[in-house]
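Okay, structure first, notes after.
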Amino acid sequence: MLARRDGVDSRNVKKEKKMPHDQQRTTTVITGVFPSHLLPEAQLVETVRDPNDSTRLVFLRWQDGIATMVPSIEHDGTAYVPPDAMEALHSQIILADGVCPCREPAALIADIVDTLGKFIEADRETMVLLASVVLSSWFPDCFEAVPYVWIVGPLGSAKTKLLRLLSCMCRRALLVGDVRAGSLYTLTDSYNPTLLIDELDLNDSSRSADILRLLRAGTVAGVPAVRNGRLFSTYGLKIIASREVPRDAALLSRCVIVSMLPAGNETQPLDDVAMRQIAQQFQPEMLMFRFANYSSVKSFRLASSVLEDFTRRMKQVALALLAPIQGHAESESIVLSALRERDRAGKIERALEPEWLAEEILFGLIHEGPIHSILVGGIAASINRKLKFRGEDFRISARKIGSVLKSLGLRTESLGGLGRGLLFTPSMNKQIHAVARHLGISRRTIATSHGLEAGYGGRRCLLCEEFGLTDGLRFNDPSNRTPRRFSPSKPQVWSNSKLGGC
């Protein structure tokens, strides 16, 4: 963590010492990436190992197409220097020892896929997806969010081998076998690595809950964790191996899942010698790839039509994985296909979150026919019937649903002596449609299986058309029906009032 001095937030400072008085300057050690606010525009700096002395770290400065190795960089009277290369953590972080000419993304991806194929068994889609992750790891500061890669599989499925292999190619890779919440935020904040975590099996313990909270915050830039009155950045691409994926829909929404099985064919062993050779092959070229493509990756944008069916979070993941590919059509198509499938699975997983369950019930009710009102308890009862029908073993209370409705911005009110609930006014109906759009719920979500087979979604709804929720289905014109007051025990209690359907 950098100390704040003279109004400058200097991140990643490990220690600070005074130089001899006659030199009138201070020296600050940069343990992580070099702070960009200390550099002139269009200049990049990377910490590398001295090619002539592996026990020493230096800065590699890139400006105007020229790379220069320097022992320190001065700014406003302060000399910024790399840390001691022989300290425990810095000896484990994989760094380049210079740069070499880099190839186009297509050639790099092909080389990464070929190297992966020598040591692990996986289909081509998985290989290309992992190659795009490697490229993305060199540009985390270009994105507002980065993905996590969650490698899952039984014992003997080469998860650890894959982690070790990826560590040779990713930027500032640090592979650890066990991590606690305190280590997670201090490692990420102080050293800014691509963190690879082996055998992170989470359960219902408080320790796992702490790690999950930090992991959720770590996918988005500029959202620090607070510990003991200090701010810590947990942002950065992370690659995690475990026996199973976490039971956390919010975290999974930004995860790329890679499933591994025990190898059926013999693959090459990955010993320390092989790892050094792979790192020596890829690290200098990948660093040059970062320097040469930094501006184009940072300014990269995807046409909205390419990602129109993606959730907002998966759009961020897609941008981070596609930007370094630089428009290579084949790789882009493979990555998009994999992410689209992951996004569909994510929507199913999120369907068990209280917010999605409540919105799905409300969205379904207003499309069954004109409805007057519903009690909060009625929403909870409907959700629990749906959970029971799906074979789920948990239930949601009316109190919980009341909190959920507030979080969605759906205001409850007193319904006489019956209790609190929602009145389905035209304004409320419009609000429910707006929430559905934000959560990724559409008419396809609530359509019957028979209707979907025929491409039919039920009654036509002008609000669904306005908010883009028709999802390509066909609809009938709505019939005139008397609004009803919904009750969990008596689902159809008719009312004479006519307060809105769609």
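The values are calculated or read from the model by the stated rules, or taken from the named source; none is laboratory data. Keep in mind that this is a model prediction, so the values were computed, not measured. Using ideal geometry, Cβ is built from the backbone for each residue, glycine included, and neighbour counts are taken over all protein chains shown. Only protein heavy atoms, including side chains, enter the accessible area calculation; ligands, DNA and RNA are left aside. Shrake-Rupley method; radii C 1.70, N 1.55, O 1.52, S 1.80 Å.
If you go through segment 226-244 one residue at a time, how many are modelled with pLDDT under 85 and surrounded by 20 or more Cβ atoms within 10 Å (Cβ to Cβ)? Selection size over segment 226-244: 0. Scanning segment 252-274 for residues that are surrounded by fewer than 16 Cβ atoms within 10 Å (Cβ to Cβ) and in a helix (DSSP H, G or I) gives ASP272, VAL273. One residue alone among ARG56, ARG49 is assigned to a strand (DSSP E or B), within 15 Å of GLN283 (Cβ to Cβ) and among the charged types (D, E, K, R), and that residue is ARG49. Considering the conditions (1) touching a strand residue (DSSP E or B) at 6+ places or on another chain (Cβ under 8 Å); (2) at pLDDT below 85; (3) within 23 Å of ARG350 (Cα to Cα); (4) hydrophobic (A, V, I, L, M, F, W, C), VAL493 is excluded by exactly one of them, (3). For segment 148-181, the candidate set comprises residues that are more than 25 Å from ALA85 (Cβ to Cβ) and out of contact with any strand residue (DSSP E or B) (no Cβ under 7 Å at 6 or more places or on another chain); within that set, the residue that is least open to solvent (accessible area, probe 1.4 Å) is SER157.
Per the listing GLU359, GLU330, GLU353, the residue uniquely under 30 Å from VAL134 (Cα atoms) and out of contact with any Gly (no Cβ under 8 Å at 6 or more places or on another chain) is GLU330. Test ARG247 against the criterion of being out of contact with any Phe, Trp or Tyr (no Cβ under 7 Å at 6 or more places or on another chain), open to solvent by 20 Å² or more (accessible area, probe 1.4 Å), over 20 Å from PHE143 (Cβ atoms) and of a type in the set (D, E, K, R), and give yes or no. For ARG247, the condition - out of contact with any Phe, Trp or Tyr (no Cβ under 7 Å at 6 or more places or on another chain), open to solvent by 20 Å² or more (accessible area, probe 1.4 Å), over 20 Å from PHE143 (Cβ atoms) and of a type in the set (D, E, K, R) - is met.
Here segment 322-345 is the region considered, the condition is being in contact with a strand residue (DSSP E or B) (Cβ under 8 Å, 6 or more places away or on another chain) and not small (Gly, Ala, Ser), and the residue that is least open to solvent (accessible area, probe 1.4 Å) is LEU339. When restricted to residues that are open to solvent by less than 20 Å² (accessible area, probe 1.4 Å) and in a helix (DSSP H, G or I), segment 451-462 contains 1.
To keep it simple, each residue is scored yes or no on (1) over 23 Å from ASP123 (Cβ atoms); (2) polar (S, T, N, Q).
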{"position": "ARG171", "(1), (2)": "yes, no"}
{"position": "SER190", "(1), (2)": "yes, yes"}
{"position": "ASP210", "(1), (2)": "yes, no"}
{"position": "LEU214", "(1), (2)": "yes, no"}
{"position": "VAL220", "(1), (2)": "yes, no"}
{"position": "GLY236", "(1), (2)": "yes, no"}
{"position": "ILE240", "(1), (2)": "no, no"}
{"position": "ILE257", "(1), (2)": "no, no"}
{"position": "THR267", "(1), (2)": "no, yes"}
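For segment 426-462, the set of residues classified as of a type in the set (Val, Ile, Thr), modelled with pLDDT under 95 and touching a helix residue (DSSP H, G or I) at 6+ places or on another chain (Cβ under 9 Å) consists of VAL435, ILE441, THR445, ILE446, listed by residue number. Looking only at residues of segment 346-377 that are open to solvent by less than 10 Å² (accessible area, probe 1.4 Å) and under 30 Å from the mean Cα position of the chain (by Cα), we find that the one that is farthest from LYS400 (Cα to Cα) is GLY346.
Can you find even one residue in segment 463-474 that is at pLDDT below 85, out of contact with any strand residue (DSSP E or B) (no Cβ under 6 Å at 6 or more places or on another chain) and not in a strand (DSSP E or B)? Looking for residues that are at pLDDT below 85, out of contact with any strand residue (DSSP E or B) (no Cβ under 6 Å at 6 or more places or on another chain) and not in a strand (DSSP E or B), one finds none in segment 463-474, hence no.
Within segment 396-416, residues that are closer than 16 Å to MET428 by Cβ reach partners that are part of a loop (DSSP other than H, G, I, E, B) with beta carbons closer than 6 Å, at six or more positions or on different chains, in the pairs LEU405/THR412. Per this entry, ASP309 is not counted among residues that are of a type in the set (D, E, K, R) and either crowded, with 18+ Cβ neighbours inside 10 Å or at pLDDT 90 or above (or both). Residues in segment 186-224 that are of a type in the set (A, V, I, L, M) and open to solvent by less than 10 Å² (accessible area, probe 1.4 Å) were compared, and the one that is nearest to VAL317 (Cα to Cα) is LEU215.
If I go through segment 378-393 residue by residue, how many of them are closer than 26 Å to SER414 by Cα and either under 31 Å from the mean Cα position of the chain (by Cα) or not small (Gly, Ala, Ser) (or both)?
Of the residues in segment 378-393, 6 are closer than 26 Å to SER414 by Cα and either under 31 Å from the mean Cα position of the chain (by Cα) or not small (Gly, Ala, Ser) (or both).
Against the criterion of being farther than 30 Å from LYS430 by Cβ, open to solvent by 20 Å² or more (accessible area, probe 1.4 Å) and touching a strand residue (DSSP E or B) at 6+ places or on another chain (Cβ under 7 Å), ARG301 does not qualify. Scanning segment 431-450 for residues that are in a loop (DSSP other than H, G, I, E, B) and among the small types (Gly, Ala, Ser), we see that the one that is farthest from THR311 (Cα to Cα) is ALA447. Checking each residue in segment 67-89 for being open to solvent by less than 30 Å² (accessible area, probe 1.4 Å) and either assigned to a loop (DSSP other than H, G, I, E, B) or touching a helix residue (DSSP H, G or I) at 6+ places or on another chain (Cβ under 8 Å) (or both) picks out ILE73, TYR80, PRO82, PRO83, ALA85. Within segment 131-147, which residues are in a helix (DSSP H, G or I), surrounded by 22 or more Cβ atoms within 10 Å (Cβ to Cβ) and out of contact with any strand residue (DSSP E or B) (no Cβ under 7 Å at 6 or more places or on another chain)? Passing the criteria: ALA131, SER132, VAL134, LEU135, SER136, CYS142.
When ASP309 is tested against (1) over 21 Å from the mean Cα position of the chain (by Cα); (2) not in a helix (DSSP H, G or I), exactly one condition is not met: (1).
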